[in-house]
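Accompanying notes for the structure given below.
The values are calculated or read from the model by the stated rules, or taken from the named source; none is laboratory data. Predicted model, so just to flag it, every value in this text is computed and none were measured. Note that each Cβ is placed from the backbone with ideal geometry, even for glycine, and that neighbours are counted across all protein chains shown.
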Amino acid sequence: MPRPLRVAIGGIHIESSTFSPHLSTADDFEVTRGDALLARYDWLSPAQPWATDVEWIPLVHARALPGGAVDRATYEAWATELVEKLAAAGPLDGMLLDFHGAMTVVGSDDAEGHLVAAIRSVLGPEPFVSAAMDLHGNVSQVLFDACDLLTCYRTAPHVDVWETRERAARNLVEALRRQQRPHKALVHVPILLPGEMTSTREEPARGLYARIPDIEARDGVVDAAIWIGYAWADQPRCRGAVVVTGTDATATAEAARELGGHFWAARDEFAFVAPTGSMDECLDTALAAVADPARRPFFISDSGDNPGAGGADDVTFALERMLARPEIRDGSRRAVFASLVDPQAVAQVADQPLGSPVRVTVGGRIDSRSPGPLPLDGILEAVADDPDGGRCVSVRVGGLSVFVTSRRMQYRLLESYARLGVKLDEVDLVVVKIGYLEPELFDAAGDWLLALTPGGVDQDLARLPYRKVVRPLFPLDRDFTADLAVVTG
Ligand SMILES: [Zn+2]
């Protein structure tokens with residue numbers, strides 16, 4: 001009997017904006033180790049046939065909601081733990097890196113590259129390393145060089161998260177059993193677009209990602225992956241990428257060249273997944289539209305401060321514009337604002353009896369851009385404990401329920417609204433800090449607009465002060481010929 005393969009698993013999973021004033025610290029992360037880490041992966045219990053005869057060694061996994069840059073000491077603590085546990089793990093055949101790919105650490109422009117280099121320094125060159133990533137991550141040359149297999153999600157919104165991790169693990173185990181180091185090919189595509197222009201629900205991303213199964217079915221190809229990249233970090237690595245891995249060098253390089261060419265050729269077709277406008281334009285349209293019951297609830301994405309992309313989650317710009325509308329203030333329209341993080345404001349009102357009049361200042365503590373902290377004069381409508389947001393309150397001002405949370409969270413699930421007493425089919429208008437609507441909201445929406453609001457993840461990239469991204473870069477630059485060179489390894 002050959003000894004079982006020994007494969008370590010770990011990673012740090014966050015996407016973090018360099019344009020957001022939020023600082024991600026240890027408190028923002030959920031950390032798993034030991035059996036709890038292995039329990040994340042449903043292919044291990046019960047073990048899928050390909051995963052048996054493998055000893056899976058859990059290191060540490062830390063995961064946070066997207067945010068601002070990660071505090072240096074927080075990152076160093078987990079990087080050190082990963083490296084020390086690897087060094088203590090004995091001989092290893094491989095490692096599965098389970099991470100996002102768009103982590104920013106204060107003072108580093110390529111955090112995952114740094115992490116994987118540290119991992120290689122103890123692992124040595126022989127074991128195979130496979131990375132499972134988000135398609136909004138970035139592939140630097142350092143990361144590409146240090147990994148033998150790299151893949152990412154094929155859907156946005158991401159509904160294939162666990163499939164992707166399983167594929168990365170299975171491809172790793174199969175490559176180890178073949179005892180052949182994979183061939184790999186990388187094409188950087190000089191395009192940087194927000195996720196809200198590249199949803200795979202819409203063309204051209206839908207058609208681009210639909211090419212993958214045919215390519216993957218070719219002889220000599222194991223996996224093909226397309227990274228959209230992360231638009232809200234000002235780093236040289238931020239841009240599109242294609243990586244193909246396989247057992248045949250020529251087939252692998254050819255497939256990467258082809259997919260990279262299709263990505264580049266589609267650049268002018270990418271458009272926002274919903275009609276866009278300023279916050280006031282979106283409110284004008286929505287408040288007129290909700291006279292038609294079929295268009296209720298009307299959703300407006302407060303996209304510039306989307307915590308799901310790294311926004312601070314406390315910019316008050318959109319809320320202030322809502323409160324300026326007489327039909328919302330006088331209660332003739334029923335509306336929800338979801339949400340602002342402000343633990344101080346929650347603590348100030350949460351213990352009062354429901355129905356009490358409350359005066360509280362909310363938001364603008366992390367990201368203080370105009371209009372900053374906003375006074376609310378209303379009624380305490382609901383208090384609830386949310387698994388993501390901690391203690392949450394709803395303060396009613398006229399027809400508007402303003403949700404305030406203790407931790408940063410995104411109102412993407414209907415049950416989160418219900419916890420604060422709101423059934424979405426009974427409201428006219430929902431303004432939510434999100435980009436593209438996640439599936440439950442998408443299905444619930446009578447109509448939807450994407451407001452181009454200010455914040456740390458501003459969708460209008462031309463407004464962001466990029467200095468370090470590699471130019472030329474579409475759409476910041478438009479009139480240039482792309483270098484779509486294939487880098488192999
Ligand atoms: Zn993503």
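Of everything in the range 417-441, what is without any contact (Cβ under 8 Å) to a residue 60 or more places away in the chain and either on the phi > 0 side of the Ramachandran plot or under 20 Å from the mean Cα position of the chain (by Cα) (or both)? Give them in sequence order. Passing the criteria: G421, E440.
Conditions (1) of a type in the set (K, R); (2) outside any loop (DSSP other than H, G, I, E, B); (3) in the same structural domain as T25 (by TED's automatic domain parsing), marked per residue:
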site	(1), (2), (3)
G364	no, no, no
R369	yes, no, no
L380	no, yes, no
D385	no, yes, no
D388	no, no, no
C392	no, yes, no
V402	no, yes, no
S416	no, yes, no
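Scanning the range 19-64 for residues that are touching a residue at least 60 places away in the same chain (Cβ under 8 Å), within 30 Å of S368 (Cα to Cα) and of a type in the set (G, A, S) turns up just one, S20. Quick one: count up the residues across the range 375-390 that are buried (at least 18 other Cβ atoms within 10 Å of the Cβ) and out of contact with any Cys (no Cβ under 7 Å at 6 or more places or on another chain). Going through the range 375-390 one residue at a time, the tally reaches 6. Looking only at the range 172-198, which residues are of a type in the set (S, T, N, Q) and buried (at least 23 other Cβ atoms within 10 Å of the Cβ)? Selection gives T198 alone. No other residue among A102, A118, A156, A168 is away from the ligand (no atom under 16 Å from the Cβ) and of a type in the set (A, V, I, L, M) apart from A118.
Quick grid of which residues meet (1) among the aliphatic types (A, V, I, L, M); (2) farther than 23 Å from R478 by Cα; (3) buried (at least 21 other Cβ atoms within 10 Å of the Cβ); (4) touching a Cys at 6+ places or on another chain (Cβ under 6 Å):
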{"position": "E216", "(1), (2), (3), (4)": "no, yes, no, no"}
{"position": "I226", "(1), (2), (3), (4)": "yes, no, yes, no"}
{"position": "A233", "(1), (2), (3), (4)": "yes, no, yes, no"}
{"position": "P236", "(1), (2), (3), (4)": "no, no, no, no"}
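Scanning the range 139-153 for residues that are within 15 Å of the ligand (Cβ to nearest atom) and either aliphatic (A, V, I, L, M) or out of contact with any strand residue (DSSP E or B) (no Cβ under 6 Å at 6 or more places or on another chain) (or both) yields V139, Y153.
Based on what the data block shows, is S301 polar (S, T, N, Q), on the phi < 0 side of the Ramachandran plot and buried (at least 19 other Cβ atoms within 10 Å of the Cβ)? Criteria met by S301.
From the list Y41, Y75, the lone residue that is out of contact with any strand residue (DSSP E or B) (no Cβ under 7 Å at 6 or more places or on another chain) and surrounded by 20 or more Cβ atoms within 10 Å (Cβ to Cβ) is Y41. Screening A253 on (1) in the same structural domain as N138 (by TED's automatic domain parsing); (2) free of Cβ contacts under 8 Å to residues at least 12 places away in the same chain shows it passes everything except condition (2). Restricting attention to the range 428-484, the residues being among the aromatic types (F, W, Y), crowded, with 21+ Cβ neighbours inside 10 Å and assigned to a loop (DSSP other than H, G, I, E, B) number 1. Considering the range 262-359, the qualifying helices (runs of 4 or more DSSP H), each wholly inside and each with 2 or more residues that are within 30 Å of P475 (Cβ to Cβ) and not assigned by TED's automatic domain parsing to the domain that holds G137, run over 279-289, 317-323.
Can you say whether A111 is crowded, with 17+ Cβ neighbours inside 10 Å, out of contact with any Pro (no Cβ under 7 Å at 6 or more places or on another chain) and not assigned by TED's automatic domain parsing to the domain that holds R365, as far as the supplied structure shows? Judged against the criteria, A111 is a match.
Right, T200: within 30 Å of I434 (Cβ to Cβ), within 16 Å of the ligand (Cβ to nearest atom) and not in a loop (DSSP other than H, G, I, E, B) or not? For T200, the condition - within 30 Å of I434 (Cβ to Cβ), within 16 Å of the ligand (Cβ to nearest atom) and not in a loop (DSSP other than H, G, I, E, B) - is not met.
Screening the candidates D93, D109 for the property of being modelled with pLDDT of 95 or more, away from the ligand (no atom under 16 Å from the Cβ), among the acidic types (D, E) and within 19 Å of N171 (Cα to Cα) yields one hit, D93.
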